[in-house]
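S.K.: Below: one structure in C-alpha cells.
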Amino acid sequence: MKITKKDRNPKNREVMEENDPPQLKAEEKVDVTLSNSTEENLEKFKAFLGDSSDAVFREFRLGSQGIPCALVFIDGLVNSDVINKNILKSLMYEITVLERARNESIQVESAYDFIKQNAVAVGEIAEASTLDKCMLMVMSGEVALIVEGSEKILIVNARGWPARDVSEPVTEGSVRGPKDAFTETLRVNTALLRRKCKDPNMVIKTIQLGRRSKTDVSYVYVKGITDPGLIEEVEKRLNQVDVDEIMETGQIEQWIQDSTLSPFPQVQLTERPDTTVSNLLEGRVAILVDNSPFAIIVPAGLYQFFQAPEDYYDRWIIGSFLRFLRWSASLLAAFVPALYIAVITYHPSFLPTPLALAIAANRVNIPFPAFVEAFLMEVTIELLRESGARLPKAIGQTIGIVGGIVIGDAAVRAGITSPSMVLLVAITAIASFVIPTYSAGIALRLIRFPLMILAAILGLYGVALGFILLNIHLVSLKSFGFDYMTPQAPVVPQDTRDWILRLPRNLLWRRPISVHPVDIDRMDQDPYKENGNG
Amino acid sequence: MVKKHDKLGGLQYISLISTTILGVIVISLPKIAAESAQEGALLSTFLAGVLVAIFAVSMNILGRRFQKKTVIEYLVSLLGKPLGKFLGVILIIYFMFSTSLVLRGFSDALKGLLLHSTPLEVIMVSMLFTAVYLSLNGINAIAKISELFLPIIILSLILVIGLSINSFSYVRLRPVLFPPLWRTVKGMPNVITAFLGYEIILLIIPFVERKKADIPRTLIGIAIPTVLYILLVIMAVGAFGLRPSQQINYPTIALARIINFPGAFADRFDIFFVILWILAAFTSVANLLYISSLSTVRLFGLRNYQTFIYILTPIVYMLAILPQDLPEIRKVNTYVGYLGAGISMLVVGLLIFALVFGKKEHENG
C-alpha cells in the first residue's frame, strides 16, 4: 500500500489503522482472521516469517488423540528454558500423565481451554484472535501456541533476549547517590522506577509508536500529582508521532518539542532513575522508550539543566554553591570569548593597564585580528572534543595528548595564537563541561559563535545585543505550556527556593507550582505555619 | 492547557512601567536636573516623580474602568468617534516620536561613549531590529524581558551609586538642599521628560490580571525610577558639585568612571555600566515600539499587530535619523515633552469627566 501524504495526517491514520493493520501492509492479500486449523494458521505465519531463518515453527501432537499443535517464536528473543520446561515438556509429556490419571482423553473441541487452564506453566499468558495482533506479540518475543480446533491463539510470555546489565550512568555520573542507570530494556527501566517509588499511583502507560519498528513507548506519571491537562497534552503529542522507526528517545523529543528552531533542549533527558522519580514526584511526566537508556522528562525549564542529583543529596550550602558555580560557568562559557574579542578589538582601555599591556605584548606577533584568533582556537577545541567523544579509550588518550600539545604550546610557538587566548579557550571549554546536562552544554557552546561574530562587528554593544537576543529567545520558548525561564521570567517566588540556590529541604515544602501539580504540598505541614502557631 | 497568552502578573506590570521609564536618560538625568532647575535639582526631581505618580494613578484608574479596552478604544467611547479617534491619532504620533527620540538619544550617547567610529545608522538599525524581534514575540515576552532586566538595571544603578560613595561630599550637596521654589517649578517640565514612557499604563491594563493592576503597584512602578533618579542626583551633585554637574554630559557615566576598587578585572567600571545601560535603553525602545504598534492596531480595530510593527519601524527610523544635530533633537524633545504633558493633563481631565458623567460607560465596559 502506498503511503500518501494524506495518510501522514494523524487524523486519517487512526481510521487507516482500524481497517488495515500496518504491519501487514506488505501482504495485503493475507486474510488476518484465523481459522481453527493448525495447518492453515501455520501457513499464514509462514507467509510472513517463512523466509526468515530465526523464526521457529515447532509442530507437535498433543495427548493420546494426537491433536496437531504448533509453537511459533523468534529464536533469540525467547528464553529456551521456559519453552522447553514450561511449555513443551508440560504439553508433550505431563499432559499424557494427566490424561492417564483422570482417565480421559482430551478432545479437539476442548483442547484449547484445557491447555490454557491446565497445561501451560507460565505466569503471563494472553489470547489473540487476529493474525496481526498475534504477529506483533511474536515479534516482541512471545511464543504463539496454535491449537487445532480453536480460532484463538494462545500467547505465552517467554521473553528473554540478550540485554545489557544495569550499569553506572555514563553521562550523568555522581559522587553521591545511587549508581544505577537505565538500560536498553523498557521493562528493566520501569522496574528501576518502581524500585525507587512504591506509590501505586505511579502509572506506567504504554503505547506503540513507529510504523514498522512498533517500539514500545511508555509514559509515566503520578496520579494525584501530575496536572491532568499535562498528561492529556503528552498523550496528544505522542499520538502525533508518525515515523517508520524509533530508535532513541531523541527521536520522540524532536516530535513532541515546542520549538524546532532553537538550539536549547526543551525536554530534560536523563539516564538516572532517581532523577526521573524525583521529577515525577514534582508533577512532571517521564517518557521511556524501549531500546533507549534515556528518559525524557517534560515539561522542562532552563533551570533544570543546571541541577544535578547531588544538589539534593548533599547539604544545602554545598548544593547551592555548586548550583551557583554552574550558572556562572554557563555565562562564562557563552560570553567570555565574545567579551575577549570585543575588549581586545574595540575597548582595550576596559582592562587594567598592566593587564592590557601584557595582552598587547603577547599579541604583538600574532598575524590575525582577535576574532580570527579566537574563532580558530574555538573551532580547534570543538574538533578535539568531537573527535575524542567517539574514539576508543586507547586512541582517545592520544588525541588528548595531541590536543594538549597543539593547543597548549605549538599554536603559541607557531605564532598563530597568543597564550592569553589559549588560557581563555581552556577556561571556556572547562566551563562548558560543568553543566550537568549534555544537551544544554552543547547549546551554550553553540551560541558562543554568533556572540563572537556580534562582538567582532559591534564590540561590547554587540555582546549586549547578543545577550538581549538570547534572552528574548529564551523567554519566548515554552515547554508543554511551561515557561522556559521560570522561575525567573515570569517570577514565581515560591519556586525560586530551588533555583540558583537550593534552600534547605524543610523550606521546599511545596512542589514547583509552575508545573501546576494537583497536590501542591509535598510535606505535611508548612513549617512556617507551625512555627507561627507554636 | 497550552495557552497562547497568559495574563500578566503584578510584578510584570510593575517592571513594564519601571523599565519603560528607566532608559536612555538615566545617564544624563543629573545634568538635566541641575541644568534646568539649578539649586532645585533635587526637589524638582522629587516633585516630578510625585506629579508623574499622580498622572500614572489617574491613568490606572481610568484604564481599570474599561477593563477590556485600551486607551484608543475608551477614548472613542468616552468622547465619541471623531474626537476620540483624533486624540488616538495624536497619542500614536506621541508614542512614535517618543520611540524615535529614545532611539536617537541612545544611539548618539552610545556612539559618544563606546563606538566612536561606528556609523550612527548601524547602531540604530541593530537596536531597532532587536526591538522588533522582541515586539513580534508579543506582550508576554516583553513583560518577561522587563521582569528579567529590571533587577539587572536596578542593581547596576545601585552599584554605581553605592561604589562612588567615596567621592561623595556633603558640602557639595548643600546648595540643592535648600531649593528656591521658583527655580524648582521652572525646571520641572524638563525633568518630567526623564519619566517619559509611563504612558504605557494607558495600553497595558487590559493585559494584566484583573486585580493585579492596582494603585499600589502603579505607585511602586513609578517609585522605583523616582528613587533611583533622586539618588543619582544626590550622588552626582555630591560628587562633582552643582556647576560641574551641569557641564558633564553624562554624569552617571562619570560617576561610574571614578569608581575604583583594587584587584578588579575591569579598570573602567563605566564601560561595564554602559553595557548594562544598553539593557535599560533597549527595554524602553522595545516597549515604546510595541505600544506604538499596538495603539495603531487598536485604532484601526484590527487584531494582528505584527504587520504594523513592520510598517512602523521604518517610520520610527526615519523620525530618529531626521534631526541633524543636538539642538534639533532638543527642539523635538521639548515639543514631545509638551505633547506628553498635554496628554497627561488630558487623562486627568478625562478621569474627572468619566467620574462625573461616565457611569454608563463603566457598566458597558
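Coordinate-derived values only; no laboratory data. As the structure is a prediction and not an experimental result, all values here were calculated from the model. Backbone-built Cβ (ideal geometry, glycine too); neighbour counts: all protein chains shown.
S.K.: What are the extents of the Cα atoms of the protein assembly as shown along their three principal axes, listed from largest to smallest and rounded to whole Å?
M.R.: The Cα atoms of the protein assembly as shown stretch 122, 81, 66 Å along the principal axes, largest first.
S.K.: Now for a separate question. Grab the alpha carbons of the range B:219-365, take their convex hull, and tell me the volume per residue in Å³.
M.R.: Hull volume normalised by residue count: 202 Å³.
S.K.: Restricted to Cα positions, what overall size does the range A:384-464 have along the principal axes? Three whole-Å values, descending.
M.R.: 45, 35, 16 Å, listed from the longest principal axis down.
S.K.: Where in the range A:187-265 are there trypsin sites (Lys or Arg not before Pro) that are in a DSSP coil and have at most 15 other Cβ atoms within 10 angstrom of their Cβ?
M.R.: Details: sites: A:R187, A:R194, A:R195, A:K196, A:K198, A:K205, A:R211, A:R212, A:K214, A:K223, A:K236, A:R237; in loops: A:K198, A:R211, A:R212, A:K214, A:K223.
Sites meeting the loop and neighbour criteria: A:K198, A:R212, A:K223.
S.K.: By how many degrees, 0 to 90 and rounded to 10, does the Cα axis of helix B:120-136 deviate from the longest principal axis of chain B?
M.R.: Roughly 40 degrees, rounded to the nearest 10.
S.K.: Going by Cα centres, the range B:271-297 and the range A:451-466 are how many Å apart?
M.R.: If you average the Cα positions of each part, the centres end up 18 Å apart.
S.K.: So which of B:K81/B:K211; A:K133/A:K205; A:K179/A:K214; A:K89/A:K205 end up more than 26 Å apart by C-alpha?
M.R.: Numbers: B:K81/B:K211 30 Å; A:K133/A:K205 19 Å; A:K179/A:K214 31 Å; A:K89/A:K205 35 Å.
With Cα atoms farther than 26 Å apart: B:K81/B:K211; A:K179/A:K214; A:K89/A:K205.
S.K.: Around B:M59, with a cut-off of 14 angstrom between Cβ atoms, what is the net charge of the other residues, counting Lys and Arg +1 and Asp and Glu -1?
M.R.: Details: positive: B:R64, B:R65, B:K69, B:R217; negative: B:E199, B:D214.
That sum, taken over residues with Cβ under 14 Å, equals +2.
S.K.: Another question, then. Evaluate the distance, in nm, between pseudo-label points positioned 7 Å from the Cα of B:L181 and of A:T96 along their respective Cα→Cβ axes.
M.R.: Taking the two extended label points, one gets 12.3 nm.
S.K.: If you average the alpha carbon positions of the range B:208-258 and of the range A:316-349, how far apart do those two centres end up, in angstrom?
M.R.: Centre-to-centre distance over Cα atoms comes out at 29 Å.
S.K.: Which value in nm describes the separation of the simple spin-label points at B:L322 and B:K211, placed 7 Å from the Cα toward the beta carbon?
M.R.: Placing both labels 7 Å beyond Cα along the Cβ direction yields 4.8 nm.
S.K.: Still on this structure: Taking Cα pairs under 8 Å and at least six residues apart, what relative contact order does the range A:299-385 come out at, in percent? Walk me through the intermediate numbers first.
M.R.: Values: 23 pairs, mean separation 16.4, N = 87.
RCO, the range A:299-385: 19 percent.
S.K.: Moving to a separate point now. Could you work out the mean count of beta carbons from other protein chains within 10 Å of each residue's beta carbon in B:242-251?
M.R.: 0
S.K.: How big is the equivalent ellipsoid of the range A:116-243 along its three axes, where each semi-axis is √(5λ) from the Cα gyration tensor, reported in whole Å from largest to smallest?
M.R.: Details: eigenvalues 200, 85, 51 Å².
Computed over the range A:116-243, the values are 32, 21, 16 Å.
S.K.: Using a Förster distance of 51 angstrom, determine the FRET efficiency expected from the C-beta separation of B:V125 and A:D519, and round it to 0.05. Can you show the working numbers first?
M.R.: On the way: r = 52 Å, r/R0 = 1.01.
It comes out at approximately 0.50.
S.K.: Once you sort the root eigenvalues of the Cα gyration tensor of the range A:84-166 as a ≥ b ≥ c, which label holds: rounded (a/c under 1.5), prolate (a/b larger than b/c) or oblate (the other case)? Please list the in-between numbers first.
M.R.: Numbers: a/c = 3.30, a/b = 1.50, b/c = 2.20.
Verdict is oblate for the range A:84-166.
S.K.: Given only helices, namely DSSP H runs of n ≥ 4 each adding -39500 (n - 2.57), what is the per-residue ellipticity at 222 nm of chain A, to the nearest 500 deg cm²/dmol?
M.R.: Details: 18 runs with 228 residues, N = 534.
Counting only the DSSP helices, I get -13500 deg cm²/dmol.
S.K.: Quick one, can you get me the convex hull of the C-alpha atoms of the range A:443-513 expressed as volume per residue in Å³?
M.R.: Numbers: hull volume 7.9 nm³, N = 71.
Enclosed volume per residue, from the Cα hull, is 111 Å³.
S.K.: Sticking with this one: Could you sort out which of A:K46/A:K236; A:K46/A:K152; A:K152/A:K198; A:K478/B:K69 sit more than 25 Å apart by Cα distance in this structure? Numbers along the way, then the final one.
M.R.: Values: A:K46/A:K236 37 Å; A:K46/A:K152 17 Å; A:K152/A:K198 36 Å; A:K478/B:K69 28 Å.
In this structure, A:K46/A:K236; A:K152/A:K198; A:K478/B:K69 exceed 25 Å between Cα atoms.
S.K.: Report the Stokes-Einstein translational diffusion coefficient (µm² s⁻¹, integer) for chain B, Rh taken as the Kirkwood radius over Cα pairs, at 37 °C with viscosity 0.692 mPa s. Walk me through the intermediate numbers first.
M.R.: Values: Rh = 20.8 Å.
Roughly 158 µm²/s, to the nearest whole number.
S.K.: Among rounded, prolate and oblate, which fits the range B:155-294 when a ≥ b ≥ c are the square roots of the eigenvalues of its C-alpha gyration tensor, a/c under 1.5 means rounded, and a/b larger than b/c means prolate?
M.R.: Oblate, since a/c reaches 1.5 and b/c is not below a/b.
S.K.: Right, another one. Roughly what would the spin-label model give for A:W255 and B:F357, points 7 Å off Cα along C-beta, in nm?
M.R.: In this crude label model, A:W255 to B:F357 measures out at 6.4 nm.
S.K.: Taking the Cα centre of each part, how many Å lie between the range A:491-527 and the range A:87-142?
M.R.: Value for the Cα centre distance between the two parts: 54 Å.
S.K.: Pick from B:I222, B:I165, B:I21 the residue whose mean-square fluctuation is largest in a GNM of chain B, springs joining Cα atoms under 10 Å.
M.R.: Its mean-square fluctuation being the largest, the pick is B:I165.
S.K.: Now, a different point. Considering only B:L148, B:L78, B:S117, whose Cα is most displaced toward the positive end of the charge dipole of the range B:68-175, charges sitting on Cβ of Lys, Arg (+1) and Asp, Glu (-1)?
M.R.: B:L78
S.K.: Then there's this: For chain B, take the longest principal axis of its alpha carbons; what is the angle in degrees between that and the long axis of helix B:305-321, to the nearest 10 within 0 to 90?
M.R.: The answer is roughly 40 degrees.
S.K.: Follow-up question, since we're still on this one. Tally Lys and Arg at +1 and Asp and Glu at -1 over the other residues with C-beta under 13 Å from the C-beta of A:S150: what net charge comes out? Working shown, then result.
M.R.: Values: positive: A:K116, A:K152; negative: A:E40, A:E109, A:D113, A:E127, A:E148, A:E151.
Local charge sum for A:S150: -4.
S.K.: Report, in debye and to the nearest 20, how large the dipole of chain A comes out about its Cα centre when Lys and Arg carry +1 and Asp and Glu carry -1 on their Cβ.
M.R.: Working: 55 positive and 64 negative charges, 337 e Å.
Computed about the Cα centre, the dipole is about 1620 debye.
S.K.: Only Cα pairs under 8 Å and at least 6 apart count here; give the relative contact order of chain B as a rounded whole percent. Walk me through the intermediate numbers first.
M.R.: Numbers: 527 pairs, mean separation 146.1, N = 365.
In percent, rounded to a whole number, it is 40.
S.K.: Fewest Cβ neighbours within 10 Å first, please rank A:K89, B:K212, B:K81, A:K393 accordingly.
M.R.: Working: A:K89 13, B:K212 16, B:K81 10, A:K393 6.
Lowest to highest Cβ neighbour count: A:K393, B:K81, A:K89, B:K212.
S.K.: By how many degrees, between 0 and 90 and to the nearest 10, does the Cα long axis of helix A:393-405 differ from the longest principal axis of chain A?
M.R.: 10
S.K.: Another question, then. Taking the alpha-carbon set of chain A, what are its Rg and Dmax in Å?
M.R.: Answer for chain A, Rg first and Dmax second: 30.3, 106 Å.
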